[in-house]
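The structure under discussion appears below in the form of structure tokens.
Every read-out reported here was derived from the displayed coordinates using simple, explicitly stated rules and does not represent laboratory data. For clarity, every value in this text was computed on a predicted model and none was experimentally measured. Cβ placement follows ideal geometry from the backbone for every residue including glycine, while neighbour counts extend to all protein chains displayed.
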Amino acid sequence: MPPGTVRSLTRRDTVLFSLCVGLSVVLLFIPEIGTSVAAVARSTVLRPVLWLQAWAEASRTSRARFERLRAERDSAAYAAQFLPSLRAENLRLRGLLGLARRLPVPYVAAEVLHQSLPTDGRTLLVSAGSDRGAQPFDPVVGPEGLVGVVRAVEKGTSLVMTWAHPEFRASAYAEPGTVFGVVAPALRMAGAEYLLQLRGVAVRDTIAPGTLVVTSGLGGVYPPGIPIGTVLGPAAEDTGWERIYLVRPASSPELATHVLILRTPGSRDLAPAFAPPALEPAADSLP
Amino acid sequence: MTRSDRPRLVAVLGLLVVLHFGLRPRLGWSQVAPDFLVLALLLYAIRSRPGRAAVAGFAVGLLLDALVPARFGAAALAHTVVGYLAAWGRAVFFPDNLLVNGAVMATGVWLRNAIVLLASGNGGGLGMQLFVWSPLQALTTAATGALVLFVFRDWLDIRLEA
């Protein structure tokens, strides 16, 4: 190959690389372009792979296996319960089933389609979309409590912004309902756990560690009574004008396999649906 | 890469895409499970010119950005850089050695994750992601990559040394 050709190829490589980097940076700074393209992509070219993933997710966890367990109830299935991961997963599924029975509002059950990026968990793709009635700003819950809110819907999938997303905010109160604030991601961890902050608490108010924090219903997106987490203690970065408390989240988006999308929940209090009995260890035994 | 090798490479890359969406969800533990898409990108990149590898990386990144739009463009940037560097690296130090191949794949996954996290802004837990989850995912991906190279060594036309 003549030297001139090698040089032009190298120049072409550099141009292509620079072009791709430039486009990526443009997408980073003008996310509206990418968001609209992504929505179209998810409902067109990515539909087959998302269908494949939803099928794989369903057959793994899964409703099929769970239903078979319930139908057969044989000793092998019973033994499988003691494998830690299956046991935790079945506990979560049973919690979700219990929650679904108690919810007084319509809902859509969906599988979580986890992706390989490290930012998976800040947003989640779930396998229920506009075809099943999901709409933007529908709250998303798991058996333990609030997971996030639907940000965009397509036919067959919805995009959920979880509480781990830096832009997440929810109006909340600490039980029994005298101390209000706004919950946001804490940008720090306790061990391997992500934390939340309850901000905007009046300086005159104090909250004891272990207090349950639930959605207040203010703002109209999240209905009141959905558990968000429990108070760990005051954060170090108190501003002097407000108190900030660290909150251990009730749910874990990275580990969620199934969620419920609440459809038009309005302002109905959901606290009774998340009542503790269904989440107690006793629920971990087969009927 | 000769013209006759291309269908075999496309078949292996297609298989990896199917594994990514069809098998990976069944493995569970998403933070650690091998990333077959990055594996496909690296297998393509080390057989291509850097420019083409960058374009392929950009396409893979866009696909992942559409699925995890925590910060749209972060994955496109990360995969572009990883694809380009893998193609350049092949010209500098890439012998037909399984360990070196594995090391390049592990480094590619870790670098991809680091760029995605940094470009996405601090969502908390950066250290945990960079020094615990990403190295684990890099290791599982490298091990899977070594297995793929070993199984498809004739198709990919490589002479593997120990």
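Using a 10 Å cut-off on Cβ atoms, rank the peptides A:199-211, A:34-46, B:69-81 from the highest mean neighbour count down.
Numbers: A:199-211: 14.2, A:34-46: 17.1, B:69-81: 27.5.
Going by the mean number of other Cβ atoms within 10 Å, highest first, we get B:69-81, A:34-46, A:199-211.
Annotation: for a label point projected 7 angstrom from Cα along Cα→Cβ of A:Phe180, residues of region A:195-214 with backbone N closer than 18 Å are A:198-207, A:213-214.
In this simple spin-label approximation, B:Ala143 and A:Leu218 carry label points 7 Å from Cα along the Cα→Cβ vector, and these lie 5.0 nm apart. Length gained on full extension, B:Val132 to B:Ala103: 8.7 nm, using 0.36 nm per residue less the C-alpha separation. Taken about its Cα centre, region A:166-270 carries a charge dipole of roughly 180 debye when the Cβ of each Lys and Arg holds +1 and the Cβ of each Asp and Glu holds -1.
Across chain B, the relative contact order, built from alpha-carbon pairs under 8 Å that are at least six residues apart, equals 26 percent.
Please compute, over every Cα-Cα pair in region A:148-247, the percentage with a separation greater than 20 angstrom. Could the numbers behind the result be given before it?
Values: 1807 of 4950 pairs.
Result for the distance tail: 37 percent.
Within the shell of other residues whose beta carbon sits under 13 angstrom from the beta carbon of A:Gly129, the net charge comes to +2, with Lys and Arg scored +1 and Asp and Glu -1. Place a point 7 Å from the Cα of B:Ala114 along the Cα-to-Cβ direction; which residues of region B:43-78 have their backbone N under 17 Å from it? From region B:43-78, the list is B:75, B:77-78. Springs join every pair of Cα atoms under 10 Å in this Gaussian network model of chain B, and among B:Ala119, B:Ala40, B:Ala53 the largest mean-square fluctuation is at B:Ala119. In deg cm²/dmol, rounded to 500, what helix-only [θ] at 222 nm does chain B give when every DSSP H run of at least 4 residues adds -39500 (n - 2.57) and the total is split over its residues? Helix-only estimate at 222 nm: -22500 deg cm²/dmol. Among B:Val132, B:Val12, B:Val38, the largest mean-square fluctuation in a Gaussian network model of chain B (Cα springs under 10 Å) belongs to B:Val132. If you run the Gaussian network model on chain B, springs between alpha carbon atoms under 10 Å, then out of B:Trp29, B:Trp133, B:Trp110 the most flexible one is B:Trp29.
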